[in-house]
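For reference, the structure is listed below as structure tokens.
The values are calculated or read from the model by the stated rules, or taken from the named source; none is laboratory data. Note that the coordinates shown come from a computational prediction; the quantities given were computed from them, not determined experimentally. Because the Cβ atoms are built from the backbone with ideal geometry, glycine has one as well, and the counts that use them run over all protein chains shown.
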Ligand code: SF4
């Protein structure tokens, strides 16, 4: 602690911004519109341009002011670089220092807001109080109207977690591992029921807040950008099928805005219970794609899981899960672009939501030819075997075993993303 006190703010920032890069949940989305008045009242906005993001060397999008309050922690989660037994340089901000940094970075248009997490100092309640204090100072003393995302600590006093939602746009509680067995093994001080209990409390508060806002305009807003969580991928034996099932359960039970997937990164002085190698980054990408299918393409979790290999439970890395599903269920194709309902069109590999909406709009007044569909997709080779158009019917029938090599991307492309 003495050494920490001697660090200047710049040195602390170097340590605590670097320590925060392991958290993947950095996106700001879905919050309410809010901005400073024309008369100059208040500071910041959740709308508009000029907002900067940075990308970490591993390709993740990170907000420029994405920091930890401290990287000291009394817990010893095996996968975490900040765990008690880790031999890293420690630092700690005061809440006032975080507030000053946020305001000065915001004024320079470096950031769109603050993403604040923390190791656990002294106790969960004490740490949560410090996190809430940052948000309270920003909102109440500085009238800060930018975006705030707070990580909350599941075993802190529920009242403190509740307060976080009154100041933050988004709150998140990490489930950490996809399975309870994985959590017990790799984060023995954490409890799955406690994590899910806190998520349920936040869901109830968000629902109550939304309900109150409908009835009374003056009701306080509560985490308008909802709650999210993060799962570490590849640190335990969970398959992609397990992860998809867990994510679907979390979306359903806690009405989450997002589940983030973070490929496990080997850390210095790693515990012997961890794998030596990180999973391919492409695995993380495929899980995001499967998540997208559930949220925007009306796939049921079981359908997405069916795209995985039946023996290993893993999604293919060389093709996306939508294409994998289409190849496995070839009897559902070809789909007629001039007749099929929206849900059937959404299943066609290579057709995104916008393309499907454009097809539906166009066919109200004329029939579509293959050239019309070609203009709406990045890969006509991928789409062609799965659809019928006015002037097109696939001759390579969708149940031919040779179809996969024809529609899969070339291997060289995979290597661009491989770990
Ligand atoms: S509680 Fe959080 S910061 Fe502490 S060791 Fe576990 S994951 Fe790391």
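Would you call residue 104 within 13 Å of the ligand (Cβ to nearest atom) and at pLDDT 70 or above? Break it down into steps so the answer makes sense when it comes.
Numbers: within 13 Å of the ligand (Cβ to nearest atom): no; at pLDDT 70 or above: yes.
Taking the combined requirement at face value, the residue does not satisfy it.
Of 387, 406, all but one fail to be at pLDDT below 90 and closer than 23 Å to residue 330 by Cα; the exception is 406. Considering (1) crowded, with 21+ Cβ neighbours inside 10 Å; (2) out of contact with any helix residue (DSSP H, G or I) (no Cβ under 7 Å at 6 or more places or on another chain); (3) part of a strand (DSSP E or B), the lone condition that residue 284 does not fulfil carries the number (3). Residue 225 passes every criterion in (1) in contact with a helix residue (DSSP H, G or I) (Cβ under 9 Å, 6 or more places away or on another chain); (2) assigned to a loop (DSSP other than H, G, I, E, B); (3) surrounded by 21 or more Cβ atoms within 10 Å (Cβ to Cβ); (4) in contact (Cβ under 8 Å) with a residue 60 or more places away in the chain apart from (1). Candidates in segment 186-205 are the residues that are under 12 Å from residue 153 (Cα atoms) and outside any helix (DSSP H, G or I); of these, the one that is farthest from the ligand (Cβ to nearest atom) is 191. Residues that are over 15 Å from residue 298 (Cβ atoms) and either out of contact with any strand residue (DSSP E or B) (no Cβ under 8 Å at 6 or more places or on another chain) or in a helix (DSSP H, G or I) (or both) within segment 331-348 comprise 331, 339, listed in sequence order. The condition of being more than 30 Å from residue 201 (Cα to Cα), outside the structural domain of residue 152 (by TED's automatic domain parsing) and crowded, with 21+ Cβ neighbours inside 10 Å holds for only one of 293, 315, that being 315. Among the residues that make up segment 115-130, is at least one of them at pLDDT below 95 and more than 16 Å from the ligand (Cβ to nearest atom)? So far as segment 115-130 goes, no, none of its residues is at pLDDT below 95 and more than 16 Å from the ligand (Cβ to nearest atom).
In segment 235-255, what count of residues is obtained for those that are under 14 Å from the mean Cα position of the chain (by Cα) and buried (at least 22 other Cβ atoms within 10 Å of the Cβ)? Selection size over segment 235-255: 3. If only residues of segment 131-146 that are surrounded by fewer than 24 Cβ atoms within 10 Å (Cβ to Cβ) and more than 17 Å from residue 161 (Cβ to Cβ) are counted, the one that is nearest to the ligand (Cβ to nearest atom) is 137. The set of residues from segment 86-111 being part of a helix (DSSP H, G or I), in contact (Cβ under 8 Å) with a residue 60 or more places away in the chain and within 16 Å of residue 18 (Cα to Cα) comprises just one member, 101. Taken over segment 168-185, the criterion of being crowded, with 24+ Cβ neighbours inside 10 Å and away from the ligand (no atom under 12 Å from the Cβ) is satisfied by 168, 169, 170, 171, 172, 178. Residue 159 meets each of the listed conditions (1) under 21 Å from residue 75 (Cβ atoms); (2) without any contact (Cβ under 8 Å) to a residue 12 or more places away in the chain apart from (1).
Looking across segment 147-159, the residues that are within 16 Å of the ligand (Cβ to nearest atom) and either part of a helix (DSSP H, G or I) or farther than 25 Å from residue 106 by Cα (or both) come down to 153, 154, 155, 156.
Between 177, 166, 186, the distinction of being in contact with a helix residue (DSSP H, G or I) (Cβ under 6 Å, 6 or more places away or on another chain) and in contact (Cβ under 8 Å) with a residue 24 or more places away in the chain belongs to 177 only.
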